[in-house]
Amino acid sequence: LKDAAKLLLYLLGVLLLGALLAPPIFWAGQNLIGHGLLTGLARYDFDSYFHRAILVAALLLLWPLLRALHVRNWRGLGLEENPRSIADLGAGFAIAAVPLLCGGAVLIALHFYSLRHPFLWGKMPAVLATVLVVPLLEELLFRGFILGVLRRSLSRLGALLLTSALFSIVHFLQSPTLPVPHPSVNWLSGFASFGHS
């Protein structure tokens, strides 16, 4: 199989395994809550467990994918070190931050939002951790791993367009908020969540 086909099989496998893992992970969480452990999990609905199950499946199937692709290190993906990494990082940050800050200033000036509410400093560590970790993982996965795999069998432009399309599609795979009561979660609930996405 070509690399792109192996990658597609991996993605389908992640969705299938994630849908199968979601109910037992949910039941385990409910069991912990029932025994008075990790009671903070009670605020999460089944779809939150489904999204975590997808991440677990992606990690579990990553090793077989790397073996199938014969990838032993980053060089195996045809990726090269960027000699201008610091300058590109700064430019990328500016391109993202300047419009965001300007848009925020306009919304505050037009009184859509105000700064009257106290700033929640206690939430900053969790926000900063998310802001730092999630983009890093996404970039490594999409701009590193998936782009590198696709470049092995597609042109540079084709690999870039397909990676960007996949990146967009994954971000639109969000289920509507449909709370699933505890007794109605069954082995097919993960597939239902995927169908609602």
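The values are calculated or read from the model by the stated rules, or taken from the named source; none is laboratory data. What you see is a predicted model, and the numbers here were worked out from it, not measured in a lab. When we count neighbours, we look across all protein chains shown, and the Cβ atoms used for this are built from the backbone with ideal geometry, even at glycine. Heads up: the accessible areas ignore ligands, DNA and RNA and are worked out on the full protein's heavy atoms, side chains in. Shrake-Rupley method; radii C 1.70, N 1.55, O 1.52, S 1.80 Å.
For segment 26-81: of the residues being among the β-branched types (Val, Ile, Thr) and within 18 Å of the chain's Cα centre (by Cα), which is nearest to GLY190 (Cα to Cα)? Within segment 26-81, the match that is nearest to GLY190 (Cα to Cα) is ILE54.
Against the numbered list (1) surrounded by 15 or more Cβ atoms within 10 Å (Cβ to Cβ); (2) in contact with a Ser or Thr (Cβ under 9 Å, 6 or more places away or on another chain), LYS2 comes up short only at (1).
Taking the criterion of being aliphatic (A, V, I, L, M) and within 10 Å of the chain's Cα centre (by Cα), the residues of segment 121-138 that qualify are VAL134, LEU137.
Which residues, taken from segment 107-124, are open to solvent by less than 80 Å² (accessible area, probe 1.4 Å) and in a helix (DSSP H, G or I)? Listed by number, the residues that qualify are LEU107, ILE108, ALA109, GLY122, MET124. Consider segment 153-169 and keep the residues that are open to solvent by 80 Å² or more (accessible area, probe 1.4 Å) and of a type in the set (A, V, I, L, M, F, W, C). The one that is farthest from the chain's Cα centre (by Cα) is LEU157.
Give the residue that is surrounded by the fewest Cβ atoms within 10 Å (Cβ to Cβ), with candidates limited to residues of segment 24-44 that are of a type in the set (A, V, I, L, M, F, W, C) and within 21 Å of VAL134 (Cβ to Cβ). The residue in question is LEU41.
When ASP47 is tested against the conditions (1) touching a residue at least 12 places away in the same chain (Cβ under 8 Å); (2) open to solvent by 90 Å² or more (accessible area, probe 1.4 Å), the lone failure is (2). Restricting attention to segment 86-106 and to residues that are over 22 Å from GLU139 (Cβ atoms) and open to solvent by 60 Å² or more (accessible area, probe 1.4 Å), the residue that is farthest from the chain's Cα centre (by Cα) turns out to be VAL106. Each residue in segment 64-85 was checked for being in contact with an Asp or Glu (Cβ under 7 Å, 6 or more places away or on another chain) and either open to solvent by 100 Å² or more (accessible area, probe 1.4 Å) or farther than 24 Å from LEU8 by Cα (or both), and 1 pass.
Matching residues to (1) among the hydroxyl-bearing types (Ser, Thr, Tyr); (2) over 30 Å from LEU77 (Cβ atoms); (3) surrounded by 11 or more Cβ atoms within 10 Å (Cβ to Cβ):
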residue: ALA126; (1), (2), (3): no, yes, no
residue: THR130; (1), (2), (3): yes, no, no
residue: VAL134; (1), (2), (3): no, no, no
residue: LEU147; (1), (2), (3): no, no, yes
residue: ARG151; (1), (2), (3): no, no, yes
